[in-house]
Amino acid sequence: MLTAIGKIATNIANPTQSTLKAAEHFLQYAASHPDATMTFKPSDMQLKIISDASFAGDSQARSRAGGVHFLCKASELSEDDTLTNAPFHYFSTIIPTIVTSAAEAEYAALFLNGKDANHEMALLEYMGYPQTAITIICDNSCAAGTANR
């Protein structure tokens, strides 16, 4: 929902009929899903992030970075594990620089999610939950390779 609201908000200064349709569509979605729930299970409080980006998908050919931050058991840190806990933080923003490819957008999203995670990691450690290296899952092999190598 955060991304949908963000896209509607970027067009609110110069609204069009499509802005009205998007707002109505969002409100109908929200009204038809009133009982959305989140599940939290006991965990070792290890931070895990799923990062993604869209290239030139927003107005004025801007790109968007997004991420889902959640806590899991240390044994669930591999990329193959499913999401066992509801996210505690959603991240969605327009990438503040101009990117020229999907790989650059994904790499920027990795950076922005990692930057956001620094604060979360410090808070978790302060609360007595030491963190291992943060697992950030990315679906772009070029961006992941650049970040890891």
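Scanning the chain for helices, which whole DSSP H stretches are 15 Å or more long along the axis (Cα) and average -0.5 or more by Kyte-Doolittle? Walk me through the numbers before you get to the answer.
Numbers: long enough: 17-32 (22 Å, -0.23); 102-126 (36 Å, -0.08).
For the chain, where a helix must reach 15 Å along its axis and average at least -0.5, the hits are 17-32, 102-126.
Would you work out which of I136, A74, T100 lies farthest towards the positive end of the dipole of the chain? Charges go on Cβ: Lys and Arg +1, Asp and Glu -1.
Among I136, A74, T100, the one farthest towards the positive end of the dipole of the chain is T100.
Relative contact order of the stretch 92-149: what whole-number percent is it, with Cα pairs under 8 angstrom and at least 6 residues apart?
Details: 23 pairs, mean separation 24.5, N = 58.
RCO, the stretch 92-149: 42 percent.
Rg over Rh of the stretch 23-149, using C-alpha atoms and the Kirkwood radius, what does it come to? Kindly include the intermediate steps, with their values, before the conclusion.
On the way: Rg = 16.1 Å, Rh = 16.0 Å.
Rounded to two decimals, Rg/Rh equals 1.01.
When a/c is below 1.5 the answer is rounded, else prolate if a/b is larger than b/c, else oblate, so apply that to the stretch 2-46 with a ≥ b ≥ c taken from the square roots of the Cα gyration tensor eigenvalues. Kindly include the intermediate steps, with their values, before the conclusion.
Values: a/c = 6.97, a/b = 2.11, b/c = 3.31.
It is oblate, given that a/c is not under 1.5 and a/b is not larger than b/c.
Would any residue of the stretch 51-77 have its amide N under 18 Å from a label point 7 Å out along Cα→Cβ of T146? List them or say none.
Within reach of a label on T146, which here means backbone N under 18 Å from a point 7 Å along Cα→Cβ, the stretch 51-77 contributes 51-57, 62-67.
Order C72, C142 by their accessible area, 1.4 angstrom probe, all chains in place, largest first.
I get C142, C72, largest accessible area first.
Could you work out how much longer the chain between D139 and T3 gets when fully extended? Use 0.36 nm per residue separation minus the Cα distance between them, nm to one decimal.
47.1 nm
Which FRET efficiency, nearest 0.05, do Y90 and Q17 yield, Cβ-Cβ r, R0 30 Å?
Numbers: r = 29 Å, r/R0 = 0.95.
So the FRET efficiency works out to roughly 0.55.
What's the extension gain from L27 to K41 if we count 0.36 nm per residue and subtract their Cα-Cα distance? Walk me through the numbers on the way to the answer.
On the way: separation 14, 0.36 × 14 = 5.04 nm, distance 3.02 nm.
Extending this stretch completely gives an extra 2.0 nm.
Considering the chain as a Gaussian network with a 10 Å cut-off on Cα pairs, which listed residue, S18, S54, S101, attains the greatest mean-square fluctuation?
S18
Over the chain, what is the relative contact order in percent, taking alpha-carbon pairs closer than 8 angstrom and at least six residues apart?
Working: 207 pairs, mean separation 36.9, N = 149.
Relative contact order, the chain: 25 percent.
The values are calculated or read from the model by the stated rules, or taken from the named source; none is laboratory data. None of these values were measured; they are calculated from a predicted model. Positions of Cβ are backbone-derived with ideal geometry, glycine not excepted, and every protein chain shown enters the neighbour counts. SASA here: full protein model, heavy atoms, side chains in, ligands and nucleic acids out. Shrake-Rupley method; radii C 1.70, N 1.55, O 1.52, S 1.80 Å.
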